[in-house]
Each structure stands twice: as C-alpha cells, then as structure tokens.
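Here's the structure we're looking at; comments come further down.
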Amino acid sequence: MAKKKPQKAKQAKAKTAAKKSARKVLKFTAPKKANGNGKSNNLPKPSSKPYGQDGKALTGVRILDFTHVQSGPTCTQLLAWFGADVIKVERPGVGDITRGQLRDVPGADSLYFTMLNHNKRSITIDSKHPQGMRVLNALIKTCDVLVENFAPGALDRMGLTWDYIHKLNPRMIVASVKGFGPGPYEDCKVYENVAQCAGGSASTTGFREGPPLVTGAQIGDSGTGLHLALGIVSALYQRIRSGRGQKVLCAMQDGVLNLARVKLRDQQRIAKGPLTEYSQYGEGVPFGKAVPRAGNDSGGGQPGWILKCKGWESDPDAYTYFITQAPAWGAICDVIGKPEWKTDPDYATPKARLPKLKAIFATIEQWTMTKTKFEVMDICNAVDIPVGPILSMKEIAEDESLRKTGTVVEVDHPTRGKYLSVGNPIKLSDSISEVKRSPLLGEHTDEILTDVLGFKANEVAEIKNSGALSAPKKEEKAA
Ligand code: CAO
C-alpha cells in the first residue's frame, strides 16, 4: 500500500502535466477569435442595430486599386460593394484604357468602364514621376491592400517591388492577376480568350464536329477577379492573427481551370472507358484520348439538351434546356404524351435510355415546339421536371424580378446619363450593397491628397505643379 502511494502521486503528476501540455497545444493551435479589426481577441457583443445598418462587411478596409481592363476591376468593384474604400490610381490624361473603348456615347466613359468601376474613387498619378511616387508611398502606408493586374514585371519596373512595399507597410496585402502562374508562360500578356483556351474551357466547349469555342461568360477575366477577391478577404482575415500582409496571386489559366474542373474529372474517367453520359456514347462515336466537346450535354450525370420551343423559326432564343432527370422520368413521359415509356423496358431505366438519348430528345422536342419556353417552364416546374428557358440579354435587362433583387440596376451618370448594370450578385443580409456610379478620371484627386493622405495645401500645390498628377502638355508629349 505504502509503495502504491508514490506511484499514484506519480500518475496524478503525469496526468496534470499531460493536461497542461494539452492545454498548451490547444492554446497554440486553437484559432483566436477576432472582432474584425484585429484589436481584440474577443468577438464583440452581437450588434443591436437593425440588420443592414451596422456598417458594411469591409468597412475600414482601404484598397490601392492599380487595376485596369476587366479582371482586376471586377475584383475591386466587389470589394467596394462590400464597403471597402477603393482608390483607383490611373495614368494622368489616359486613365483605364477601357474608359474610351467600345464607346457608345461620344466623350463619355464607356459602358465597359462604368460597369466595372462602381463605388470607387479615382486619383490620377504618374507612377514614374518622383512626386507621383511620393503620393504612392503615402497611399501604400495608409492602404491595406494593393491590387494590380499589370503585365508581368510592370509593378517592379515602377519600383513597387514586394520588398519595397513590405518595408513601407508590412501589413500590406499585394494581390495580383496574371495570365499564367510561375512557369514557361509567366511573362506573357493575357486577355480573356487566351485564358479560356489555356485553362481547358475552349477545348471542351462547342460541338464535336466544330472548332473549340470561347464562352460569352467572361470566366477568364471576371472569373479570376472573383477568385482574387476571395484570396484578398482570406488574407485580410489571416492578417488579423498574423499582423502581416502577404502576396495573393491568381493566374487566369488557374481560375479558368478551377471553373472547368469537371472536365479534368472526365479526363481521368476517359482512361477507364467511354463517358456514358456524353451523347457521343449513345451515338456510337468512339472517344479519343482527351475530353471531347460535348455540345449541349449536361455537365453532370443527368442527361440534358437544348430543345426548340414555339417561335424558334424567327426568335433565335426560343429554346429551353431540358433535363431528363431520372426521378422525373414518369412526369416527363406524361407531359410529352408518352405514358407507355414509363414501363417499356427500352425506356424505363436511365441505362436503357442512354443509347437512345438523341431520339428521346427529338421526341421531347416535338412537344416543346408546341409551347413557348415560358410555358414549358410553367408546365414542367409544376411537376418537378428541371428545365430552363434560354433568356436573351434583352429579356434579362427587362426582367422585373432581377430589378427587385438589385441584380440588374439602373445607374445615373453625369456625362452619359442612365444605364443598366449588374449589381452585386452576392447578397449579404447585414451588408447591403448600393451601386454608386463609377468615378470620372481623377475626380477624387484633391480629396484623396488632403482628406486621406493629409497633405497640406503647400504640399498639394508642390505635387500638382510638378506635373505628376496631370497629363503631359502637348509640347512635352511631342518632344
Ligand atoms: N503611371 C505611369 N505608368 C503607368 C501607370 C501610371 N499610373 N499605369 C500604368 N502604367 C504603365 C505601366 O507601368 C506599364 O509600363 P512599362 O511596360 O513601361 O513598365 C504600361 O503602363 C503598360 O502596362 P501593361 O503592360 O499592364 O498594359 P498593356 O496594355 O500593355 O497590357 C494586359 C494589358 C491586360 C495584356 C496586361 O496588363 C496583362 O497581361 N495583365 C495581366 C493579365 C490580365 O489581367 N489580363 C486581363 C486583362 S482584362 O481582359
């Protein structure tokens, strides 16, 4: 007994030590709760203000927006909709090249520009002028994130290397869109369609008999901008714990491939046998070594196709997407007037239908051609058959429900008047997006110099007189 006592004490001691070290480990690994401004490790009490009236998700975040064209501006516009103060830096006299591209109103900023730059402020700075660099240095010190999508190396050539930026502001997040990630193509300039081709989208889009196709959706530019925005918000969140900034890189090729990942899934399946859900299988056409273009086949395991509707002869968008989802097969047979297919062993199971999909869709089309695409939608949805009308941009622009949700918004602009835009597609219940018009070139230069950067009147005059914020005079240009 006497001997056991020290043994027990030893065990108890060991237990306490283990508990202590477990607590230590827990303390080390458990994520600290943060209140969003990095100042406290505890979440604040839940706000008592009504939803939507307690600031915005990114209130307090300031973005140095060095983006142009589409990919970068898509990202910073989203951040601005979530409440970030986005300061767009543009080249004096020129600005974002899209201001003047595809102009529909003479002398006014194009829709290309206005639809990608809502809720931002604009300052003109010649980044290659010493006084321009003075302003940029001040911006770097006060901003949380620098976002850019220049050609590879352009930011470094301005002198804004990671080391330089990080020395000025160790908390700065530097976010970039590039065409390609590190590798053989990293130095290439890239536009939308190049990314669609390099990311695997074009080779898998279109009809088998035809050439590769690019899509209307800008998955290379806007898609990568979306990815970048998520990277930035994640880096901001990590900064709450780490206190330091980091680089965020989204390559357009990677962004497109991420959106085309189901095709890389199929690339691996093809080595093991034909892709039975592709209509090519039912048509008896052998598969090659790479994923083929699949026309309008559905991307998942449910066969689908685009079918003509009433009026297709004159209306190029009188079509519906029709999915023969297995659980809806009975309803489909009833709707199209083929109830016998429900029990016919040649049609009753998905496996039996696979080789005949083309003929089955032709039969369904005989029915859809007797109805408008909206009638097909009403009839089929009532019995849970998944279908969708092919909506034209005109129909989308006039759609009342999209206006109500703020997905399609009308914006007023001082030089171009009213225009339609796409609002924030991501709806937060406590951070309501209002769409504010895009800035005129350099519209906020003065207020940024004084209110944001705190330059005194004599300093503002010195900077302005140096020519760093204005377009070079004609004689200088000519010289
Ligand atoms: N002050 C002074 N110079 C400025 C400036 C400013 N405020 N803003 C830009 N510049 C300069 C840059 O420093 C660069 O100069 P250098 O080449 O001498 O260093 C120059 O303007 C041109 O920049 P760029 O090469 O980025 O622009 P580009 O029109 O030649 O190329 C694009 C455009 C999109 C192909 C290229 O920027 C790119 O590949 N970006 C990355 C991928 C991307 O985002 N593509 C999608 C674009 S949306 O379709």
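From its DSSP helices (H runs of at least four residues, each -39,500 (n - 2.57)), the chain gives a residue-normalised ellipticity at 222 nm of -10000 deg cm²/dmol. The long axis of helix 373-382 is offset from the longest Cα principal axis of the chain by roughly 80 degrees. The stretch between Q366 and T405, if pulled fully straight at 0.36 nm per residue, gains 10.5 nm over its current Cα-Cα span.
Once the Cα atoms are used to define both axes, helix 130-142 deviates from the longest principal axis of the chain by about 70 degrees.
For G301, neighbours were defined as the other residues whose beta-carbon sits under 14 Å from its Cβ, and their charges (Lys and Arg +1, Asp and Glu -1) total +1. Axis angle, to the nearest 10 degrees, between helix 261-270 and the longest C-alpha principal axis of the chain: 50 degrees.
Can you quote the Å³ per residue value for the convex hull of the Cα atoms in the chain, rounded to an integer? The partial results should precede the final answer.
Working: hull volume 137.0 nm³, N = 479.
Considering the Cα atoms of the chain, their hull volume per residue is 286 Å³.
Mean separation of Cα pairs under 8 Å and 6 or more residues apart, divided by the residue count, gives the chain a relative contact order of 18 percent. Summary of the geometry: the range 200-260 and the range 78-124, compared by the centres of their Cα atoms, lie 22 Å apart. Prolate is the label for the range 245-289, because a/c, from the alpha-carbon gyration tensor with a ≥ b ≥ c as root eigenvalues, is 1.5 or above and a/b exceeds b/c. Would you work out if the range 218-330 is rounded, prolate or oblate? Take a ≥ b ≥ c from the square roots of the eigenvalues of the alpha-carbon gyration tensor; rounded if a/c is under 1.5, else prolate when a/b is larger than b/c, oblate otherwise. Judged from the Cα gyration tensor, the range 218-330 comes out prolate (a/c at least 1.5, a/b above b/c). Among rounded, prolate and oblate, which fits the range 289-364 when a ≥ b ≥ c are the square roots of the eigenvalues of its C-alpha gyration tensor, a/c under 1.5 means rounded, and a/b larger than b/c means prolate? It is oblate, given that a/c is not under 1.5 and a/b is not larger than b/c.
Here the mean projected area of the convex hull built on the C-alpha positions of the range 317-408 is 6.7 nm². Can you find, among V383, T445, V422, the residue sitting farthest towards the positive end of the charge dipole of the range 368-459, where Lys and Arg contribute +1 and Asp and Glu -1 at Cβ? The one lying farthest along the dipole's positive direction is V383. Per-residue 3J(HN,Hα) values for the range 164-174, derived from phi via the Karplus relation 6.51 cos²θ - 1.76 cosθ + 1.60 with θ = phi - 60°, read 5, 4, 5, 5, 5, 8, x, 8, 5, 9, 10 Hz in sequence order (x marks Gly and Pro).
Stretching T450 away from I390 to a fully extended chain increases their span by 16.5 nm, per 0.36 nm per residue minus the current alpha-carbon distance. Note on the chain: with charges restricted to the Cβ of Lys and Arg (+1) and Asp and Glu (-1), its dipole about the Cα centre is near 4340 debye.
Coordinate-derived values only; no laboratory data. These figures come from a predicted structure and were not determined experimentally. Note that we place each Cβ from the backbone using ideal geometry, even for glycine, and neighbour counts take in every protein chain shown.
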